[in-house]
Amino acid sequence: MNTVIRTVWASVLAPLLQRPKRLQVAALCHRGDGDDKEYLLVTSRDTGRWIIPKGWPIRGLKSNEAALQEAWEEAGVRNSKVTKNPVGSYSYQKRQDTGLEIPVETLVYAVAVKDLSEDFPEAHERTRKWVKADAAAAMVNEDELKSLFLSQ
């Protein structure tokens, strides 16, 4: 009987009750090549943990363009080239102001950084840091994002 209940729950009821993941876009900002390649991390505004620039899609912009916009707002990335297609994705639970968490799927676009501005919209709210892939993987919380750094 337990097997039947679990099967019905997993195949019918759970999918009906679960909300779909929300979508965000992110910028995997990098500079240099080979052993000299580094990635740009920023701190989140709420907890101060290390993340990559990310945000909600922006009406009127393609996903990769929205990721580049987030890189500007959160990290000061200017005049840089973003990939047309995502280089990967990762999932995480986003905590809302109400305390509830919602599942989020984040499409990640690579951004070859050419210029970094000291004056950008969230400059006084975030810290940014260039690090190698292994250090970036150790600094972020999301396992899929860790894997993305290590696979680059």
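Things worth noting here:
Quick grid of which residues meet (1) among the basic types (Lys, Arg); (2) more than 15 Å from ALA123 (Cα to Cα):
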{"position": "ALA26", "(1), (2)": "no, yes"}
{"position": "HIS30", "(1), (2)": "no, yes"}
{"position": "LYS37", "(1), (2)": "yes, yes"}
{"position": "LEU41", "(1), (2)": "no, no"}
{"position": "ASP46", "(1), (2)": "no, no"}
{"position": "ILE58", "(1), (2)": "no, yes"}
{"position": "SER63", "(1), (2)": "no, yes"}
{"position": "VAL77", "(1), (2)": "no, no"}
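- Test: residue in segment 31-38 that is farther than 20 Å from SER117 by Cβ and either surrounded by 13 or more Cβ atoms within 10 Å (Cβ to Cβ) or at pLDDT 95 or above (or both): yes
- In a residue-by-residue description of segment 131-148, the property of being in a strand (DSSP E or B) and surrounded by 12 or more Cβ atoms within 10 Å (Cβ to Cβ) applies to at least one position.
- Lone qualifier among THR127, THR106 - being among the hydroxyl-bearing types (Ser, Thr, Tyr) and closer than 20 Å to LYS62 by Cβ: THR106
- Applying a threshold of 9 Å to beta carbon distances and a minimum spacing of six or more residues, or different chains, the list of pairs starting in segment 49-66 at a residue that is free of Cβ contacts under 8 Å to residues at least 24 places away in the same chain and ending at one that is assigned to a loop (DSSP other than H, G, I, E, B) reads LYS62/LYS84; GLU65/ILE58.
- Listed by position, the strands (runs of 3 or more DSSP E) inside segment 15-121 whose residues that are of a type in the set (Ser, Thr, Tyr) number at least 2 are 38-43, 88-95, 101-112.
- Residues in segment 59-82 that are more than 22 Å from ALA135 (Cα to Cα) and either surrounded by fewer than 14 Cβ atoms within 10 Å (Cβ to Cβ) or more than 15 Å from the chain's Cα centre (by Cα) (or both): ARG59, GLY60, LEU61, LYS62, ARG78, ASN79, SER80, LYS81.
- Selection status of THR106, modelled with pLDDT of 95 or more and under 12 Å from the mean Cα position of the chain (by Cα): yes
The values are calculated or read from the model by the stated rules, or taken from the named source; none is laboratory data. Just so you know, these numbers come straight off a predicted model, no measurement behind them. So basically every Cβ, Gly included, is an ideal-geometry build from the backbone, and we count neighbours across all protein chains shown.
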